[in-house]
Amino acid sequence: MATPLKPIECSAQPLCISFHPCKDIVAAGLVDGTVEVHDLHVKKHSGSGDCADDHAMSSGNEDEIDDEEEEDDTILSTIFVAKQTTATFSSASATTAASPSKKATQGPSCRDVLFSGATNSPAASATKQPTNQTSGGGEFLFTVCNGGSLRCLDSELACSLLDDNSSDVASSPAILWSIENAHNVGINKLYQLPYNSPCGPILATGDDIGTVRLWDTRMCASQKANSGNPFDNLMKPPRGCLQQWKINHDYITDFTSNDDGTSLLATCADGKLSVFDMRYVKRTGCSKSIVLPDLDPNWDPTQNQPQQQNIKSSTWETHGYTQSENQEDELLSCAFIKKSSKLVCGTQEGILSLFSKDIWCDVSDRYPGHPQSIDAILKIDEDTVLTGSSDGLVRAVQLLPNSLLGVLGGHDGFPVEALGWSAGRKMVGSVSHDEYIRLWDASFLNDDDDEDDDECKDDADNDNTIGINNTVGTAKEGGEDSEDDWEDMDEDEDMDEGGSDDNDDDDSDSDDSDDKGGKKPTKRENIFKSSNEEFFSDL
């Protein structure tokens, strides 16, 4: 089990988190519609010092000691980003209102936050962002809310507005631009594509009824503030929206993209995986809004095959997307592994479903083992991921070959809703249904990679040493003592012929010792606890 660090307490339940890509700060979207920015290191207020400690010890008052402990705080700012919303019904949302997975749209809440340039991919986080980009190092903080709004905040100002608790969103100086009706319903997920994408670092948003929209932040920043009328963007997407797909029929649960940013993948609660071609967005003469009709709830696919064929008539070339078959299970999270050749998805039934690249119609492999749903997946390396499950445990899982390595930590039985890497991959953060952001020391997760690099370096040094010795031996052959060297070599050959049997015996003994000893377990295998050990640790 990893070393648990001191958790960060929020003023309300956090729904999502995003770590700054360069600084040791984290932003949390809360259920009350606010965004809180916290420092990962505990700071003491001006009233806490040596004098205060001496005063507390001399007085002997336990209440004063408790007050001193409460003065340790990590909060940097609190910003209200969501507006009070009223229930609005449309033909699209009415069909999904009876769905048990549909999220509530009443009351303000911040559902997702994202620092610009932040990513949970180890390969992407290690890649240096272009210096000519204006949003590559966490300069901006994007938020989405259940009212359908999309906002951009200045992260520097957002980290210094501790007393900005005004309910008037427009009056906050940290908000650079806002789109009140970016979606007609609540937005559930937010994602930024990598800089090497054909479209650049654009934003992707997914809402409660399966609509996916792509946003150019430069166009969003230049547009005028809208009136906030919910019917303004009902017939067409707002300015700044580059592309819209409405091909799913339930809420979007997660986004990810491949390394080159040419494909955006979205998991949905309707059981389908959607893959979008980012090169399609740049094509001229193509439709910028692709909408599939909602399914008739009384339609039986076994009796009406023509309707199913019409729904699947769209292709990758003509509309820039493709979909998998219905997996008959909610897809809740996803991440690329094996150098973007495999996609792993967490499901409601606790099964890790794996898709192969360019074969998105159905899964290629399944790995069961989680007792409950897998709501979050965080990539460690090309073979290993962390999973957050509804049973409250964060597990480390190796894929292909499949193996449950152990438990990283837990949330005391509360479902794990989100996972994230801190800057430099020093910590792993997780949120649940309590008011805490739990942090775990992630230094040991990088030990195996460092050991592999050291082994490769040692092998290279050994190869160089052998080459130098061979060079020295060749130089001696042409020197003054060349005849003596040849005589010594002959004597060595005679000794080798006489002792060949002994060498064979030694080789066999070494082979036996290697077979008995086996491979030394890695630090990850030693430090993780199994599920049974985690369960009985508190007894």
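The values are calculated or read from the model by the stated rules, or taken from the named source; none is laboratory data. Predicted model only: the values in this text are computed from it and were never measured. Using ideal geometry, Cβ is built from the backbone for each residue, glycine included, and neighbour counts are taken over all protein chains shown. Surface accessibility is based on the protein's heavy atoms, side chains included, excluding ligands, DNA and RNA. Shrake-Rupley method; radii C 1.70, N 1.55, O 1.52, S 1.80 Å.
What ranking of 433, 20 comes out by heavy-atom accessible area, probe 1.4 Å, highest first?
The most accessible residue leads, giving 433, 20.
Using a probe of 1.4 angstrom, how much of the accessible area of the range 358-409 is carbon and sulfur, in percent?
About 50 percent, which is the carbon plus sulfur part of the accessible surface.
Assuming 0.36 nm per residue, please report the length gained on full extension of the stretch residue 404 to residue 361 beyond their Cα-Cα distance.
Computed gain between residue 404 and residue 361 is 12.8 nm.
Tell me, in nm to one decimal, what length is gained between residue 196 and residue 41 on full extension, where the rule is 0.36 nm per residue of separation less the Cα-Cα distance?
52.5 nm
Treat each spin label as a single point 7 Å out from the Cα along the C-beta direction, and report the residue 372 to residue 283 distance in nm.
4.4 nm
Please go through the residue pairs 23/236; 339/426; 246/342; 246/282 and name each one whose alpha carbons sit more than 27 Å apart in this structure.
Beyond 27 Å: 23/236.
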